[in-house]
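Below is the structure I would like to discuss, written out as C-alpha cells.
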Amino acid sequence: MTADTGPGARDDRTGSVVPGRSGGSGRSVRALADADVPRLVELERELFGAGAWSAAMLRDELAAPGRWYVGVDGDVEGEGAGDDGADAGARADVGGSGSELVAYAGLWFDGDTATVMTLGVARRAQRRGLGGVLLEALVARARELGADALLLEVRVDNDPAIALYRRAGFEVLGRRRRYYQPEDVDAFTMRLVLGPSAATYPGHHG
C-alpha cells in the first residue's frame, strides 16, 4: 500500500530499521512492534479510510517474513505545517517525551526486488519532510539487502507523493486500472533501480 505525504495516499502496501537509526536529516527512525498496532490503526483510518488495514492485518504484516516496518515519533501537541513543500525540514519535537507515532513505512524483500508496502504520515505532521526521511530509510534498507530495484504503487491523484518519489529517482513503469479498492482509483507502478553507482538517496535535502 503506498501512502504518504498527501492526505492518505498509499503505495501497494508495503519491516527492520535498527532502533535509533536516523535518516540523512537526523530524525530518528525506529523499528515498529506489536505495541504500535493501536496507533497504526488510528493512522490507517485517518489516511486510508475504507481501505485501511485492520489490527489483525497490521499484526500479520509486522510478523510476516521479509518485512521491515519502521516509524518516526513526533510531538503529541503537533505544530502548524510548514509551507515549504512535501520534503521540507521538520519542525516538530520528533522523538521527545510526550511523543507518539506520526509516520510509518514498510518494505518487503523477496530475494530479488524490494517493494514499498506502505508509507503514511499523519495529516498534522505532513509537509515536514517525514515522508522523505522514511523513503530514504527504505531505499537504504533495500540496498543493504541487495535488492536490484525498489517498486511501489501510488494513487494517480496523489501528486505530493508522486513528486516525492520522482525526486528520489523513481520512474513510472505503468498504470494499474482500478487498483485501489473500494475507492476504485488507478495506481502508477513506479521503480527505482538500485546499484553500486547509486550510493546516495537523490533529491532529499532534509
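For the subset of the range 150-173 comprising residues that are part of a strand (DSSP E or B) and in contact with a helix residue (DSSP H, G or I) (Cβ under 6 Å, 6 or more places away or on another chain), which member is nearest to GLU136 (Cα to Cα)?
Looking at residues that are part of a strand (DSSP E or B) and in contact with a helix residue (DSSP H, G or I) (Cβ under 6 Å, 6 or more places away or on another chain), I get LEU150.
If you go through the range 157-184, how many residues are surrounded by fewer than 17 Cβ atoms within 10 Å (Cβ to Cβ), closer than 24 Å to TRP53 by Cβ and either at pLDDT 90 or above or among the aliphatic types (A, V, I, L, M) (or both)?
Counting residues in the range 157-184 that are surrounded by fewer than 17 Cβ atoms within 10 Å (Cβ to Cβ), closer than 24 Å to TRP53 by Cβ and either at pLDDT 90 or above or among the aliphatic types (A, V, I, L, M) (or both) gives 7.
Under 15 Å from GLU61 (Cβ atoms) and in contact with a Leu (Cβ under 6 Å, 6 or more places away or on another chain), is that true of GLY106?
So GLY106 fails the test.
On to the next question. Any idea which of (1) farther than 20 Å from GLU46 by Cα; (2) surrounded by 15 or more Cβ atoms within 10 Å (Cβ to Cβ); (3) modelled with pLDDT under 95 is the one ARG127 doesn't satisfy?
Checking ARG127 against (1) farther than 20 Å from GLU46 by Cα; (2) surrounded by 15 or more Cβ atoms within 10 Å (Cβ to Cβ); (3) modelled with pLDDT under 95, the one that fails is (1).
Being at pLDDT 95 or above and not in a strand (DSSP E or B) is the filter here, so list the residues in the range 94-122 that pass it.
THR113, ALA122, listed by residue number.
Residues checked against (1) more than 15 Å from the chain's Cα centre (by Cα); (2) modelled with pLDDT of 95 or more; (3) among the polar types (S, T, N, Q); (4) crowded, with 18+ Cβ neighbours inside 10 Å:
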site	(1), (2), (3), (4)
SER16	no, no, yes, no
ARG27	no, no, no, yes
ASP34	yes, yes, no, no
LEU40	no, yes, no, yes
ARG59	yes, yes, no, no
GLY66	yes, yes, no, no
ASP73	no, yes, no, yes
ASP84	yes, no, no, no
ASP87	no, no, no, yes
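Is at least one residue of the range 95-109 surrounded by 20 or more Cβ atoms within 10 Å (Cβ to Cβ) and among the acidic types (Asp, Glu)?
no
The values are calculated or read from the model by the stated rules, or taken from the named source; none is laboratory data. Every value quoted in this text rests on a predicted model; they were computed, and no experiment measured them. Don't worry about glycine lacking a Cβ; one is built from the backbone with ideal geometry, like all the others, and counts go over all protein chains shown.
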